[in-house]
Protein chains: 2
Amino acid sequence: MSKDLKEMEVLRQHLAKHQLKLTRQRELILTAFLRQEHVTAEVMYHQLAKKDPHLGLATIYRTLNLFCEAGIAQARHFGSQAQYDNISHKGHHDHLICTGCGTIVEFENCEIERLQEEVATKNGFVIQTHRLELYGLCSRCRH
Amino acid sequence: MSKDLKEMEVLRQHLAKHQLKLTRQRELILTAFLRQEHVTAEVMYHQLAKKDPHLGLATIYRTLNLFCEAGIAQARHFGSQAQYDNISHKGHHDHLICTGCGTIVEFENCEIERLQEEVATKNGFVIQTHRLELYGLCSRCRH
DNA sequence: TATCATCTTGAGACGGCTTATCAATTTCAA
DNA sequence: TTGAAATTGATAAGCCGTCTCAAGATGATA
Ligand SMILES: [Mn+2]
Ligand SMILES: [Mn+2]
Ligand SMILES: [Zn+2]
Ligand SMILES: [Zn+2]
């Protein structure tokens, strides 16, 4: 998969720039991470237990945070657990969350993004990041 | 202050409807809460320690959550601690947060709100609440 | 106004999530 | 190959918010 190789290269560059090392665990976690849209550290922990039963939860957290710094992942705090989004494949996006069943729908809306910039400019701000989450009931849960 | 009285009335109605009681603590916390745009439970705890050194932190949390149910406050989760916004005076609003100095600017943008509804409808959702936070640098912090 | 079922409070225990600690291990530049 | 530096895994610690429960307050009722 050439995409995985691309991300691996991004990681490699980030590691080199910060005197960090490429470890077996980091490779393993990256590969698994790139297969999903968004995960929690806990979920990855259980997924990866099959491939490496000794991989520690702390390492998962550390590595996902590293991915955020490298620009491969983006952390969000839904409810109680942090969700790590794969932004390298899909780019920036926001979320609709069903409060009934927990379903998460990703969306992108350029017009909203543009208006956000407008609001920021009007207030003298330059936006670095933003978070937009819409909570509600999906069609199935409205019955 | 007629405004405080108005909110007190909203609270009174909510309490009546749910078989809850109006206590000295709830009055005290409401009065203090209405003087600010947004606070954390911990901050209120310290502010109110002067007026009532025995007021418990759990009571502050319980009461702020009660205000949310009554429609007087709105909770958000900035960073690690929950912020409780006074929405009774200002109505619904979103936030611009300076990552440099921590300044919070409140704003309202009907067009964005409308587009949010549009996105939700397109995906079969009915929105209950939403959260929009723009993080960036204010003009002062850009130097 | 007195009664008393019900609600509320305060103090601290508890729990979930994430980070810190640290000795043992691994990486990688030299 | 060597060794300084980074990383790991196990687990302790920390933080925030809720839960627990006995003591106290409230307010509908008589
Ligand atoms: Mn967005
Ligand atoms: Mn809004
Ligand atoms: Zn649903
Ligand atoms: Zn600033």
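The values are calculated or read from the model by the stated rules, or taken from the named source; none is laboratory data. Here the structure is a predicted model, which is why all the values come from computation and not from measurement. As a convention, Cβ positions derive from the backbone with ideal geometry for all residues, glycine included, and neighbour counts pool all protein chains shown.
Quick test of your reading of the structure: B:Gly124 fulfils all but one of (1) within 14 Å of another protein chain (Cβ to nearest Cβ); (2) over 16 Å from the mean Cα position of the chain (by Cα); (3) away from ligand 3 (no atom under 16 Å from the Cβ); (4) surrounded by 14 or more Cβ atoms within 10 Å (Cβ to Cβ). Name the failing condition by number.
It fails just one condition, (3).
Look at B:Gln19 and say whether it is closer than 30 Å to A:Glu117 by Cα and either surrounded by fewer than 12 Cβ atoms within 10 Å (Cβ to Cβ) or at pLDDT below 95 (or both).
No.
Would you be able to say whether some residue in segment B:54-65 is within 16 Å of ligand 4 (Cβ to nearest atom) and over 30 Å from A:Phe107 (Cβ atoms)?
The answer is no, given that none of the residues of segment B:54-65 is within 16 Å of ligand 4 (Cβ to nearest atom) and over 30 Å from A:Phe107 (Cβ atoms).
For segment A:72-86, which positions are within 16 Å of DNA strand D (Cβ to nearest atom) and either modelled with pLDDT of 90 or more or facing chain B (nearest Cβ under 9 Å) (or both)?
Result: A:Ile72, A:Ala73, A:Ala75, A:His77, A:Gln81, A:Ala82, A:Tyr84.
Only one of these is surrounded by fewer than 17 Cβ atoms within 10 Å (Cβ to Cβ) and more than 13 Å from chain B (Cβ to nearest Cβ): A:His89, A:His93. Name it.
Result: A:His89 is the single residue among A:His89, A:His93 that is surrounded by fewer than 17 Cβ atoms within 10 Å (Cβ to Cβ) and more than 13 Å from chain B (Cβ to nearest Cβ).
Within the group A:Glu69, A:Glu113, A:Glu108, A:Glu117, which residue is more than 7 Å from chain B (Cβ to nearest Cβ), of a type in the set (D, E, K, R) and touching a Gly at 6+ places or on another chain (Cβ under 8 Å)?
Exactly one residue qualifies, and that residue is A:Glu108.
Which one of the conditions (1) out of contact with any Lys or Arg (no Cβ under 7 Å at 6 or more places or on another chain); (2) surrounded by 16 or more Cβ atoms within 10 Å (Cβ to Cβ); (3) not assigned by TED's automatic domain parsing to the domain that holds A:Arg131 does A:His46 fail to meet, given that it meets all the rest?
Failing condition for A:His46: (2).
Which of the residues spanning segment A:104-126 are at pLDDT below 95 and aliphatic (A, V, I, L, M)?
Within segment A:104-126, A:Ile104, A:Val105 meet the criteria.
Scan segment B:88-97 residue by residue and report those that are within 16 Å of ligand 4 (Cβ to nearest atom) and either in contact (Cβ under 8 Å) with a residue 40 or more places away in the chain or among the basic types (Lys, Arg) (or both).
B:Leu96
Select from segment B:128-143 the residues that are at the interface with another protein chain (Cβ under 7 Å from one of its Cβ atoms) and either in a loop (DSSP other than H, G, I, E, B) or within 16 Å of ligand 1 (Cβ to nearest atom) (or both) and list them in ascending order.
B:His130, B:Arg131, B:Leu132, B:Glu133, B:Leu134, B:Tyr135, B:Gly136, B:Cys138, B:Ser139
Applying the selection to segment B:65-91, what residues are touching a Phe, Trp or Tyr at 6+ places or on another chain (Cβ under 7 Å) and more than 26 Å from A:Ala75 (Cβ to Cβ)?
Matches in segment B:65-91: B:Phe67, B:Ala73, B:Asn86.
Can you run down the residue pairs with Cβ atoms below 9 Å, 6 or more apart or on separate chains, where the first is in segment B:98-119 and not assigned by TED's automatic domain parsing to the domain that holds B:His77 and within 13 Å of ligand 2 (Cβ to nearest atom) and the partner is at pLDDT below 90 and of a type in the set (Gly, Ala, Ser)?
Within 9 Å, the pairs are B:Glu108/B:Gly91.
Take segment A:17-65 and flag every residue that is of a type outside the set (Gly, Ala, Ser), touching a helix residue (DSSP H, G or I) at 6+ places or on another chain (Cβ under 8 Å) and closer than 13 Å to A:Asp85 by Cα.
A:Leu30, A:Phe33, A:Leu34, A:Glu37, A:Val39, A:Met44, A:Leu64
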